[in-house]
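Report on the following structure.
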Amino acid sequence: MKKTIHLSVLALLCLNYGLKAQTLRRLQGTVYDAATRHALGGASIQLKGSKATATISDSAGRFSLFTSADTGRLSISYIGYRHAEVSFQLSRQNSYAIYLAEDKNELKEVRVLATGYRYIPQSRATGSFAQPNEAMYEARVATDALSKLSGITSGLLFNANTSNSQSGQLDISIRGRSTIFANDQPLIVVDNFPYTGDIAAINPNDIASVTVLKDAATASIWGVRAGNGVIVLTTKKGKLAQPLKIAFSASWSSYAQPRLNYNPNQLGAAAYIDLEQYLFNQGYDDANLANTTTYPAISPVVTLLAAQRAGTLTENELNTALATLRKNNSNAQILHYFYQKANHAQYALNLSGGSAKSSYYCALGYDDDALSLKDNNYQRISLTSQNTFTPISQLALTTGIYLSMSQNQIDHTLSQFSAQVFPYTELADAKGAALPITMNYNTSYIQNAMANGLLDWSYYPLKELGKANNMNTQLQLRLNEGITYTLAKGLKAAIYYQYQNSQGQNKGDESQQSYYTRNLINTYTTLDASGKPIGYPIPLGDILNLGQAATISHQLRAQLSYQLDWKQHTP
């Protein structure tokens, strides 16, 4: 027993001697999230090569440990973040700031929602929020960021049978209609500011997250403008302490032609001709046939029936003509001559990364769409540049440039004559030569006008296709600037500024060969007593329609926020 005590005392003396011979020095620092700059409490810090020298960061991300080595490496780990190693040299510096990059392969414990003012965990959200399934959203291909939300976001409805949707615009409702006469569209917020331009100008490949705010709690954030709901879009940004990352994506989509015969309420040619015969026999068309003031358009079947009644056409000739018309299908000809397979091509290239004090994100996008209607196409080029600078740990400077240029070519031929098409209408003969259809005036009046020297008033749908060069061009520029400064622990002051400039031009060039121009010239031509033209108030030639619109907006916001986590409590 005495021998054992003697050895223990000797070992203790040796240990004391070793401690006196070696000087222990304090190594301290703070662990941060590289993207948000928030402190990470609970991170494990260990001196590499020494399992005994280890510690855990506190709620403010701070840590300290003692070592006798002047140089070495620290190993830092935290759930959901990439493992990091940092070299230290105490003779030069004894305090270090360590930034951990998020590891997307790790399971995320907290889902973050964006309100346009701040980011909060979903578990602490007091209102009703919705976010689309990220994998499904990324897998979808579209030219705009909002249409990708259809069918994968609860409470969000895309109306398909309204006047806005029929004109090619998005018509969106969040939890139903909230007004009768006022604007019923939700507020769109992009990168903390309401978006005043065309949302289609934003490349969907640059969107990092989408949050839909759906209930009255949203009004406490955005006021009365939130009455129809709010859709918050956040664009992608680079991350601190991340090496250069290059991503390229390309997608091609093809869509079949529409099924024009799908409507079960649409009458076929034979049934429609029977209906016209019945109405004609009841005297339904007599007033139009006798009208010598406006000379209204008369359908081909009624024209044949009137000719047979007048004795200029035999009954056998009438039956033969009607039998031929009964075999026609106008939908088949419209589908053949005016529709095509729609093709969509989208390319996106982005570069992102960052150092310990700066991050960047640069992207280039190109879209090329051949729409389902012939001579209709859409092209867009988008450029994005976003940078964050942190010259000191308390200060963060952000700047973003977003530029989009688009061109949309539209041909209105089908919409011009679709209301005048009968189920038996022929657009071309057996050899493919264009045929006229009934439009505005009856055939006899058109023939007399041409005989008197007016321009041909006949309407040939196939000749109209491509005659009018209608082009819509859009230029969207958005600049973002932000300064964030940490005044004290948990207290931050920020100033944000956004500049938006939207330039749009509509150009419609109607050639003299187009029906629009011929009809306008004929309508206002001065005639003499015999019906011959003697003057053209609208001169012969093409008609150019130009329309321009410009919107410039400035938005500035100063924000003071305070958030301090105390142990397990969060205010």
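Over the range 467-562, what relative contact order in percent results from Cα pairs under 8 Å that are six or more residues apart? Relative contact order here is 35 percent. Helix 315-326: angle to the longest alpha-carbon principal axis of the chain, degrees 0 to 90, nearest 10? Helix 315-326 sits at roughly 10 degrees to that axis.
The modelled label-to-label distance between Ala217 and Ile483, using points 7 Å beyond Cα along the C-beta direction, is 3.4 nm. Each Lys or Arg adds one and each Asp or Glu subtracts one; over the other residues with Cβ under 12 Å from the Cβ of Leu465, this totals 0. Going by alpha carbons, how many degrees (0 to 90, nearest 10) lie between the helix axis of 300-310 and the longest principal axis of the chain? Rounded to the nearest ten degrees, it is 10.
Total lysine pairs in the range 301-449 at Cα distances under 25 Å, for residues eight or more apart or on different chains: 4. Each peptide among 182-191, 197-206, 275-284, 128-137 gets the average number of other Cβ atoms lying within 10 Å of its residues, and from highest to lowest they stand as 197-206, 182-191, 128-137, 275-284.
Label point of Trp252 set 7 angstrom out along Cα-Cβ; within the range 333-356, amide nitrogens under 15 Å from it belong to 341-348. Each semi-axis of the equivalent ellipsoid for the range 230-304 is √(5λ) with λ an eigenvalue of the Cα gyration tensor; in descending order they amount to 63, 18, 13 Å. For Ile538 and Ala208, the FRET efficiency from 1/(1 + (r/R0)^6), where r spans their Cβ atoms and R0 equals 51 Å, is about 0.45.
Could you compute the FRET efficiency for Tyr117 and Leu351, with r as their C-beta to C-beta distance and R0 at 45 Å, rounded to 0.05?
Numbers: r = 29 Å, r/R0 = 0.65.
Plugging the Cβ-Cβ distance into 1/(1 + (r/R0)^6) gives 0.95.
The three principal axes of the Cα atoms in the chain give end-to-end lengths of 143, 51, 44 Å, sorted in falling order.
Helices in the chain, meaning DSSP H runs of at least 4 residues, each add -39500 (n - 2.57). Divided by all residues, the mean residue ellipticity at 222 nm is -5500 deg cm²/dmol. Taking the average, over residues, of other Cβ atoms within 10 Å as the packing measure, peptides 481-488, 513-520, 300-307 rank 300-307, 513-520, 481-488 from highest down. Once the chain from Thr443 to Ile56 is taken as fully extended at 0.36 nm per residue, the excess over their C-alpha distance is 130.2 nm.
Can you work out the accessible area per residue across the range 424-571, with the rest of the protein chains kept in place, probe 1.4 Å, in square angstrom? Walk me through the intermediate numbers first.
Values: 8450 Å² over 148 residues.
That works out to 57 Å² for each residue.
Give the carbon-plus-sulfur fraction of the accessible surface of the chain in %, rounded to a whole number; probe 1.4 Å, heavy atoms of protein chains only. Roughly 55 percent, rounded to a whole number. Its alpha carbons give the range 272-351 an Rg and a Dmax of 21.5, 79 Å.
If R0 is 60 Å, the Cβ-Cβ spacing of Thr293 and Lys245 corresponds to a FRET efficiency of close to 0.25. Packing here is the average count of other Cβ atoms within 10 Å per residue, and on that basis the peptides 538-544, 344-350, 92-98, highest first, run 344-350, 92-98, 538-544. So what does the Cα-only Debye profile of the range 263-396 read at q = 0.11, 0.14, 0.17, 0.22 Å⁻¹, as log10 I(q)/I(0), no solvent term? Taken in order of the listed q values, log10 I(q)/I(0) reads -0.67, -0.86, -1.00, -1.25.
The values are calculated or read from the model by the stated rules, or taken from the named source; none is laboratory data. Predicted model, so just to flag it, every value in this text is computed and none were measured. Glycine gets a Cβ as well: all are built from the backbone with ideal geometry, and neighbour counts include every protein chain shown. Quick note on the areas: whole protein, heavy atoms, side chains included, nothing else; ligands and nucleic acids left out. Shrake-Rupley method; radii C 1.70, N 1.55, O 1.52, S 1.80 Å.
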